[in-house]
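Below is one structure, written out as structure tokens, with a few remarks after it.
The values are calculated or read from the model by the stated rules, or taken from the named source; none is laboratory data. Fair warning: this is a prediction, and the values are worked out from it, not measured in the lab. With ideal geometry, Cβ positions are generated from the backbone for all residues, glycine too; neighbour counts draw on all protein chains shown. The accessibility values were calculated without ligands, DNA or RNA, using every heavy atom of the protein model including side chains. Shrake-Rupley method; radii C 1.70, N 1.55, O 1.52, S 1.80 Å.
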Amino acid sequence: MISSNVNLTELEILALDSDLNVADGHARQELSAGQQRIIDELSTLFQKAALQPIADLERTAHRTFFALLGQHRYPVGANPVLSCYASSVAMEILARSLATKTDAVALVHPTFDNIPDILRGVGLRLVPVEEDPLHLGPAAEAVPEGVGCVFVTTPNNPTGRVLSAERLAEIAEVCRERDVVLTLDTSFRGFDTRAHYDHYAVLEASGCRWAVIEDTGKLWATLDLKVGLLAYSGNIGLPIPKIYSDILLGVSPFILTLVERFAEDAANGGLEDLHAFIAEGRRIVRETLADVPGVSFPDPDSRVSVERVDLGALRCDDIWDELHKRQVYALPCTQFHWAEPSRGDRSLRIALARPHASVRAAAQELRAVLLAAG
């Protein structure tokens, strides 16, 4: 039985050496032919990183990555995007900055539990914002009174729901009126073209104070050589650069060079191939489990690299234990529901950024466990 004190990352660590690890959302699929050519050039890329000014490498990596995802109005110049070794590092920097100015954050519910853990870890009080009022109805309901920040994951993990440009503009306007910082975690943006509108243009037009966390680590199987990016408005009024300097000098120029090359490959057809790859993994999971009594898929429109499986009357803790005995690792959804864990105790999250053979084998094992339990 999984302890209620265990977080999702701890469960992901358990799975790292398993051939049937469909737990963490990091990219672990095979390299494409184009990506393999990049890896074959690592010696050359290392030399480029060693010889070229770091500021130039960083600007180029940022520009290439942001352009790939339709983000053309990201900050440059006096208010640069900050490079971090992971999106969670960027989140820690932002959380520590927020804690100097506010004691309460409104956070989308459900979402990956390291976000509430990091925010709570710096002493912030959390107010849940459910996805329906976040996406539908009066925008004011998405900005609770008394908070200093609204934190939205879009596309959300694990549900895949995407905040539209129109809805982002509405929420940003309320945040401007109430002087609330609007924060977006867009780590799964690359998987869903509906999230490729220019968020930065919308945020800047609103005049609100804002911050955005980006991530390259979900897209490409680079053995966790990645960057998290922290962008923020010039009027944010938080000590982000100072806290960044408390934690980091910068990131490896070699990783920046690798990000640039992988983003170039993605822009030349690699991103469309990735979308098709994830869609096929999702089809495998749904087809394998389609006739299991009680099983359903609560996120029919999701395009991100994870898939929720509703277990009907079965509890995810029991199913997780049986999968564990078979060396299969998925994530229980209990911890995603950080404000009301019981709402997630009958569903699992399956990672799709894996070789299709691994996804199929894991889904078949899950099918066997579910049929035996039913």
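Is one or more of the residues making up the stretch 93-105 open to solvent by 10 Å² or more (accessible area, probe 1.4 Å), out of contact with any strand residue (DSSP E or B) (no Cβ under 8 Å at 6 or more places or on another chain) and under 30 Å from residue 269 (Cα atoms)? Checking the stretch 93-105: not a single residue is open to solvent by 10 Å² or more (accessible area, probe 1.4 Å), out of contact with any strand residue (DSSP E or B) (no Cβ under 8 Å at 6 or more places or on another chain) and under 30 Å from residue 269 (Cα atoms).
The set of residues in the stretch 268-299 being surrounded by fewer than 16 Cβ atoms within 10 Å (Cβ to Cβ), over 20 Å from the mean Cα position of the chain (by Cα) and among the hydrophobic types (A, V, I, L, M, F, W, C) consists of 290 alone. Screening residue 250 on (1) part of a helix (DSSP H, G or I); (2) at pLDDT below 95 shows it passes everything except condition (1).
In the stretch 214-231, the residues that are farther than 16 Å from residue 264 by Cβ and at pLDDT 95 or above reach residues that are open to solvent by 20 Å² or more (accessible area, probe 1.4 Å) and polar (S, T, N, Q) with C-beta atoms within less than 6 angstrom, at least six apart or across chains, in these pairs: 221/29. Among the residues making up the stretch 233-262, those that are in contact (Cβ under 8 Å) with a residue 24 or more places away in the chain, small (Gly, Ala, Ser) and closer than 17 Å to residue 94 by Cα are 233, 234, 237, 250. If I ask for residues that are within 18 Å of residue 210 (Cβ to Cβ), in a loop (DSSP other than H, G, I, E, B) and of a type in the set (A, V, I, L, M, F, W, C), which ones from the stretch 133-177 would you list? 143, 147, 162, 163 - these are the residues of the stretch 133-177 that are within 18 Å of residue 210 (Cβ to Cβ), in a loop (DSSP other than H, G, I, E, B) and of a type in the set (A, V, I, L, M, F, W, C). The set of residues in the stretch 18-59 being open to solvent by less than 30 Å² (accessible area, probe 1.4 Å), in a helix (DSSP H, G or I) and not hydrophobic (A, V, I, L, M, F, W, C) consists of 34, 35. If the condition is being open to solvent by 10 Å² or more (accessible area, probe 1.4 Å) and of a type outside the set (D, E, K, R), then the stretch 306-336 contributes 312, 313, 314, 320, 324, 327, 329, 334, 335.
Among the candidates 342, 347, single out the residue that is closer than 25 Å to residue 188 by Cβ and polar (S, T, N, Q). Give the derivation first.
Numbers: 342 fails: closer than 25 Å to residue 188 by Cβ.
Only one candidate qualifies: 347.
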